[in-house]
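Values in this text are rule-based calculations from the coordinates and carry no lab data. Being a predicted model, the structure only gives us computed values, none of them experimental. In this analysis, Cβ positions are derived from the backbone assuming ideal geometry, glycine residues included, and neighbour counts consider all displayed protein chains.
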Amino acid sequence: MTPSSSRILDVRPVTAAELPAWLTAQKTVFLRTTDPLGADAQPEAMAERLEPLDPARTLGAFDEAAPRRCVATFRSFPQRLTVVGGATVPADAVTNVGVAPTHRRRGLLSRMMAHDLAAAKERGDVVATLIAAEYPIYGRFGFGPAAHTAEWTVEVPRSGLDPRWSGPEDGGRIDLVDGEDVRRLGPGLHARLCAVQPGAVDRPDLWWRAATGLVRFGRPWTEPFHAVYHSASGELQGLVTYTCDEEWGGGKQPQVTAQVRSLIATTPAAERALWHHVCSIDWVTRVRSGHRAPDDLLPHLLPDPRAARLTTLADWLWVRILDVVRALEARTYESEGTLVLEVTDGDGLSGGRYRLEAARDGARCAPTTEDPDLSLTVGDLAPLWLGDDSAARLAALGRVREQREGAVRLADALLRTSRRPWCPDVF
């Protein structure tokens, strides 16, 4: 045993006095070059960094050889996740996970995760969620990739859109607004999106203040542009936030790129109008979409869909089911049927055999001793539960085992959705 591996590493909720060390560890593990805790840090910058932290749910690992040195970080916070059908369930949102490069492979993440998930189970959270920076890490804790993300780059000159476009043809209108307007109008609009978008999560007031520059967490700030869409009847149906660079090419030709930070729309008309707006801004020759649903309408809102080049298609929202019964009863189903699922969970939090009786107007689920129709891990249940994957596809990969003939086909008939889930946010 080496001296370094024999050190005692204490994992615990951080105290107020330890939060600066925890934030310094965050800077290290996430390779950040700015340090809001440096000699020039203002008190308000420290207050901004500490505001979202609940000390009881903010974990750190400390090396006894340097007791004030934090070598691993972990945090969770309460969240509401929209499921298929529009209901929401309480979620344990996991974030700020990192281990110093000097202290890897010592079980620190496993200890922090076990502590947090046990507390979430005790609180009654139905699921845990996270955005995974690296794919291989979280499957061993029962998480599965339950919603994906896509990004497109639109070459505006070849899109086929009318460069002289000045507004929607459907009687609606687009207005430029400021951050104060966004803080006033955005939460209600986003709540309406969450009511119809599986995979969406709630945005607390702090999110809107950060998105409009009132809270900056010690980072440089670029003031964005905001535009809203109102229908012909005056109903607010969409909001887009974007920034633009100042790139010009030779011959005094503009080559400006618009980067969309967020676009939420509650109707296809609003979505079409807001994308057309961003693509019609003078000098803008390229639009980067930001994170979108993998089956987003964007490419086909353009006369030439090939003008939208897919630049990212990857896993995004990972879900760990903590309560199988409540999770399966919370969502709606496309048809009626009964399935017995055998769910394995290496951590012992939600494994078992469950009988699901699904119907269009609701579902009943309960533990059972009946023979299973399908067997799968809790991680593979997550993408089926949220509607992002197919039981037949997972069976072909060997990740779902059909124990009764026809069960895979029935599972797809019950669980698949007309549109894929999408989480617009990173956390």
Out of VAL400, PHE427, THR332 - ranked by how far each Cα lies towards the positive end of the dipole of segment 282-427, with unit charges on the beta-carbon of charged residues - the top one is PHE427
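Using a 10 Å cut-off on Cβ atoms, rank the peptides 383-393, 415-425 from the highest mean neighbour count down. All intermediate terms of the calculation are to be shown ahead of the outcome.
Numbers: 383-393: 22.9, 415-425: 20.3.
Top of the packing list down: 383-393, 415-425.
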Kindly rank 341-351, 99-109 from highest to lowest mean number of other beta carbons found within 10 Å of each residue.
341-351, 99-109
Report the Cα-based extents of segment 66-177 along its three principal axes, largest first, to the nearest Å.
63, 36, 28
Treat every Asp and Glu Cβ in the chain as -1 and every Lys and Arg Cβ as +1, leave all other atoms uncharged, and give the resulting dipole magnitude about the Cα centre to the nearest 20 debye.
840 debye
In terms of the charge dipole of the chain, which places +1 on Lys and Arg and -1 on Asp and Glu at the beta carbon, the residue among ALA66, THR417, ILE131 farthest towards the positive end is ALA66
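Please list 245-258, 281-294, 208-221 highest first by mean number of surrounding beta-carbon atoms within 10 Å per residue.
Values: 245-258: 11.7, 281-294: 18.3, 208-221: 15.5.
In descending order of packing, they fall as 281-294, 208-221, 245-258.
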Under a point-charge model restricted to the Cβ atoms of Lys and Arg (+1) and Asp and Glu (-1), what is the dipole moment magnitude of segment 298-416 relative to its Cα centre, in debye to the nearest 20?
320 debye
So, how do all the Cα-to-Cα distances of segment 119-187 break down into 5 Å bins, in percent, from 0 on up?
3, 9, 11, 9, 11, 13, 12, 11, 9, 7, 3, 0
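Go ahead and estimate [θ] at 222 nm for the chain from helices alone: -39,500 (n - 2.57) per DSSP H run with n ≥ 4, summed, over the residue count, rounded to 500. Walk me through the intermediate numbers first.
Details: 10 runs with 101 residues, N = 427.
Value at 222 nm, helices only: -7000 deg cm²/dmol.
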Hits in segment 293-326: amide N under 18 Å from the 7 Å Cα→Cβ extension of THR153, namely 299, 305-314
Using each residue's phi in segment 311-324, evaluate 6.51 cos²θ - 1.76 cosθ + 1.60 at θ = phi - 60° and report the 3J(HN,Hα) Karplus result to the nearest Hz, with x for Gly and Pro.
10, 9, 9, 7, 4, 9, 8, 9, 10, 10, 7, 9, 9, 5
Per the Cα gyration tensor, segment 187-324 corresponds to an equivalent ellipsoid with semi-axes, largest first in Å, of 27, 20, 18
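Stokes-Einstein at 20 °C, 1.002 mPa s, Kirkwood radius from Cα pairs: D for segment 220-266 in µm² s⁻¹?
Working: Rh = 12.6 Å.
The calculation lands on 170 µm²/s.
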Normalising by the residue count of the chain, find the relative contact order in percent from Cα pairs under 8 Å and 6+ residues apart.
18 percent
Divide, for the chain, the radius of gyration over alpha carbons by 2.2 N^0.38 Å, where N is the residue count.
1.07
Evaluate Rg over Rh across segment 264-393, taking Cα atoms for both radii and Kirkwood's formula for Rh.
1.13
For segment 298-427, what relative contact order do you get, as a whole percent, if you take Cα pairs closer than 8 Å and at least 6 residues apart?
22 percent
